[in-house]
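Participant: Here it is: the structure, laid out below.
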Amino acid sequence: MAQDLPVLIAGAGIGGLSTAIALGRAGINATVLERSTFAEESGAGIQLGPNATRILRSLGVLDVLLPQTFRPEAVWLFDGLSGRRLATVPLGDHAEQRYGAPYLTLHRADLHAGLRTAAEAASAVSLSSGFDVSGIEARDGITIANLDGTTIEGSSLIGADGLWSTVRKWVAPEAALSYAGATAFRTLLPRKGLPAPFSAPVIGLWLSPKAHLVHYPVHAGGALNVVAVTAGGRKAQGWNQTADPSSLLSGFTRWCKESKSLLERAEGWRAWSLFSLPALPRWSRGAVTLVGDAAIPCCPISPKARRRHRGRRHAREIFRRRPQRPRHAFRTYENARRPRATRLKNTARRLGRIYHLRGPARLARNTALGLRSETATLRQFDWLYGVD
Ligand SMILES: Cc1cc2nc3c(=O)[nH]c(=O)nc-3n(C[C@H](O)[C@H](O)[C@H](O)COP(=O)(O)OP(=O)(O)OC[C@H]3O[C@@H](n4cnc5c(N)ncnc54)[C@H](O)[C@@H]3O)c2cc1C
């Protein structure tokens, strides 16, 4: 009987592993199929909002991660051209008390390693690497083909295979990614010896027309993760492209001395091209559904990590109630999650536009940011951080 087979999960990234742990904790067998061999765990820093850390705590993963994380005291917003500090958004104790869970930053590789250890320890979860999902056949259950022709059967399939998802092509073949015309560059710097304001225990966000810069501590505060987003660059697939520092610096020529000096300090830059995806007509088709970037990717100019774990608790609850009926479970999951995920995506777009304002609009933005109370800026995200 198909219902006795495991739930298959394509992709052992952040979403696939979280989903597998959640299902395992509910006593539902899950098999995770990952194309890579886990040898290369590249990537940059990740911000985990309280909505994400609450769920990691409920999955039993947060305590394992804490030693590698950093708890920033605030977000400091700067004007990238003048270098003027525009606003402070309190995090640290303030955010933890308000939302009942901490706001943390860490390296993606540390998050991935913690999730992987928890998934490997879960008796109902099995991980299979070197399995590149390339074909899907749905009858009573689901049959998945690896690139080498081998197959595996499951009761249902959850596509957690990221931005360039193969499962999405099966669920919504009409959906097409489009290049957003911008590139994100990332690097890590040792924090020791960095001048102010980069040495401060905060998230720094620098805004300017056509470019912005984000930095925050990772590796328990030992390193500073720096991400610089600028218009242009070539369109390419993958999170780990080699980057030409001169093409990065040319996007920041008009920037203030401090921010340029940070960019000039770094040696090894990596890059990824930004892609956007229109809203999918559906996230689920029969006993197949999508989570994470496969369903609704956000541009990195958005508050990305704040929505990392959307949907996973719902998926677990829904499965617990109706494990034999994945079709209904997936429809319920999609109906429950879509409005919030869509609101988040729209918020990310709006913030991206605000970051890059120019001329009088930039000056008006700077003035408005200065007038708002510190806590009011955080309060506008209550709907996100305060709700799972
Ligand atoms: C190596 C790597 C580095 C990253 N670095 C950054 C970064 O620096 N900055 C940033 O903002 N985001 C980065 N991301 C993306 C970020 O992790 C996601 O945006 C976010 O965590 C959402 O998670 P997800 O599970 O939906 O996708 P991901 O975390 O991207 O996970 C998708 C997983 O699916 C696997 N996969 C893909 N196709 C198949 C297939 N056909 N069969 C089997 N497995 C498949 C991938 O190998 C990957 O492990 C990176 C992702 C990866 C995989």
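Participant: Quick one: what do you get for segment 218-259 if you divide its Cα Rg by 2.2 N^0.38 Å?
Facilitator: Values: Rg = 13.0 Å, N = 42, 2.2 N^0.38 = 9.1 Å.
Against the compact-globule rule of thumb, the ratio is 1.42.
Participant: Something else about it: Through the Karplus equation 6.51 cos²θ - 1.76 cosθ + 1.60, θ set to phi - 60°, convert the phi angles of segment 372-387 into ³J(HN,Hα) values in whole Hz; use x for Gly and Pro.
Facilitator: For segment 372-387, the Karplus-derived couplings read 6, 6, 4, 6, 5, 5, 6, 4, 5, 9, 4, 4, 8, 6, x, 10 Hz, x marking Gly and Pro.
Participant: Let me ask you something else. From the alpha carbon gyration tensor of segment 1-140, can you work out the equivalent ellipsoid semi-axes (sqrt of 5 times each eigenvalue) and give them in Å, largest to smallest? Please report the intermediate quantities before stating the final value.
Facilitator: Working: eigenvalues 248, 63, 34 Å².
Each semi-axis is the square root of five times an eigenvalue, giving 35, 18, 13 Å.
Participant: So for segment 322-375, considering every pair of alpha-carbon atoms, how many percent are separated by more than 13 Å? Provide the component values of the computation, followed by the final result.
Facilitator: On the way: 1026 of 1431 pairs.
Above the 13 Å cut-off, segment 322-375 has 72 percent of its Cα pairs.
Participant: Separate question: Could you work out which residue, out of 277, 263, 363, moves most in a Gaussian network model of the chain, that is, has the largest mean-square fluctuation with Cα springs under 10 Å?
Facilitator: Among 277, 263, 363, the largest GNM mean-square fluctuation belongs to 363.
Participant: Now a separate question. Accessible surface of residue 142 in the full protein assembly, 1.4 angstrom probe, to the nearest 10 Å²?
Facilitator: Around 0 Å² of this residue is reachable by solvent.
Participant: With springs connecting C-alpha atoms under 10 Å apart, model the chain as a Gaussian network and identify which of 54, 84, 270 has the largest mean-square fluctuation.
Facilitator: Of 54, 84, 270, the Gaussian network model singles out 84 as fluctuating most.
Participant: Any idea what Rg and Dmax come out to for the chain if you just take the C-alpha atoms, in Å?
Facilitator: Calculated on Cα positions, Rg and Dmax stand at 20.9, 66 Å.
Participant: Right, next: Which Cα, out of 15, 33, 56, lies furthest along the positive dipole direction of segment 3-62 (beta carbon charges, K/R +1, D/E -1)?
Facilitator: The residue sitting most towards the positive pole is 56.
Participant: Pulled fully out, how much extra length does the chain show between residue 279 and residue 331, if you take 0.36 nm times their separation in residues and subtract their Cα-Cα distance? Walk me through the numbers on the way to the answer.
Facilitator: Values: separation 52, 0.36 × 52 = 18.72 nm, distance 1.64 nm.
Taking 0.36 nm per residue and subtracting the Cα distance, the gain is 17.1 nm.
Participant: May I pose another question? So if I take the centroid of the Cα atoms in segment 95-120 and the same for segment 233-289, what is the distance between those two points in Å?
Facilitator: 23 Å
Participant: Suppose R0 equals 41 Å. What FRET efficiency, 1/(1 + (r/R0)^6) with r the Cβ-Cβ distance, do residue 93 and residue 236 give to the nearest 0.05? Show your work: numbers first, answer last.
Facilitator: Working: r = 42 Å, r/R0 = 1.02.
The calculated FRET efficiency here is 0.45.
Participant: For segment 128-139, just list the computed ³J(HN,Hα) in residue order, Karplus coefficients 6.51, -1.76 and 1.60, θ = phi - 60°, integers in Hz, with x standing in for Gly and Pro.
Facilitator: Taking θ as phi minus 60°, the curve returns 10, 9, x, 10, 9, 4, 10, x, 10, 10, 10, 10 Hz for segment 128-139.
Participant: With every protein chain kept in the model, how would you rank 379, 168 by accessible area, 1.4 Å probe, largest at the top? Show your work: numbers first, answer last.
Facilitator: Working: 379 115, 168 15 Å².
Result, largest first: 379, 168.
Participant: Roughly how many Å² is the accessible area per residue of the chain, as a whole number, for a 1.4 Å probe? Present the calculation step by step, with values, prior to reporting the outcome.
Facilitator: Working: 16150 Å² over 388 residues.
Per residue, the chain has an accessible area of 42 Å².
Participant: Checking the table 210/235; 235/260; 210/345; 235/257; 169/345; 257/345 against a 27 Å threshold on Cα-Cα, which pairs fail? Don't skip to the answer; put the middle values down first.
Facilitator: On the way: 210/235 17 Å; 235/260 25 Å; 210/345 20 Å; 235/257 30 Å; 169/345 21 Å; 257/345 33 Å.
From the list (210/235; 235/260; 210/345; 235/257; 169/345; 257/345), the Cα-Cα distance tops 27 Å for 235/257; 257/345.
Participant: Got a number for carbon plus sulfur as a percent of segment 248-300's accessible area, 1.4 Å probe?
Facilitator: Details: 1050 of 2160 Å².
Answer for segment 248-300: carbon and sulfur cover 48 percent of the accessible area.
Participant: Which of 198, 227, 251 sits closest to the plus end of the dipole of segment 189-257, meaning its Cα is farthest towards the positive end, when Lys and Arg get +1 and Asp and Glu get -1 on the C-beta?
Facilitator: 251
Participant: Which three extents, in whole angstrom, do the alpha-carbon atoms of segment 115-273 cover along their principal axes, largest first?
Facilitator: 63, 38, 23
Participant: With all protein chains present, how much of the accessible area of segment 1-118 (probe radius 1.4 Å) comes from carbon and sulfur, to the nearest whole percent?
Facilitator: Details: 1950 of 4100 Å².
Of the solvent-accessible surface of segment 1-118, carbon and sulfur hold 47 percent.
Participant: Among bridges DSSP assigns within the chain, what percent are antiparallel (round to 5)? Could you put the intermediate results ahead of the total?
Facilitator: Details: 51 of 72 bridges.
Percentage antiparallel, nearest 5: 70.
Participant: Helix-only mean residue ellipticity at 222 nm, the chain, DSSP H runs n ≥ 4 weighted -39,500 (n - 2.57), per residue, nearest 500. What is it? Before the final figure, lay out the partial values.
Facilitator: On the way: 13 runs with 129 residues, N = 388.
It lands at -9500 deg cm²/dmol.
Participant: Here's a follow-up. Have a look at 236, 278, 114 and report the one farthest towards the positive end of the charge dipole of the chain, computed about the Cα centre with Cβ charges (Lys/Arg +1, Asp/Glu -1).
Facilitator: 278
Participant: Please identify, among 165, 261, 208, the residue showing maximal mean-square fluctuation in a Gaussian network model of the chain using a 10 angstrom Cα cutoff.
Facilitator: Comparing 165, 261, 208 in the GNM, the peak value goes to 261.
Participant: While we're here: Give the long-range amide H neighbours of residue 83: residues separated by 5 or more places, or on another chain, with amide H under 5 Å away, using H modelled in the peptide plane at 1.01 Å from N.
Facilitator: 256
The values are calculated or read from the model by the stated rules, or taken from the named source; none is laboratory data. Not measured: the values here are computed from a predicted model. A quick note on method: Cβ atoms are made from the backbone with ideal geometry, for glycine too, and the neighbour counts reach across all protein chains shown. When the accessible area is computed, the model is the full protein with side chains, heavy atoms only, and any ligands, DNA or RNA have been set aside. Shrake-Rupley method; radii C 1.70, N 1.55, O 1.52, S 1.80 Å.
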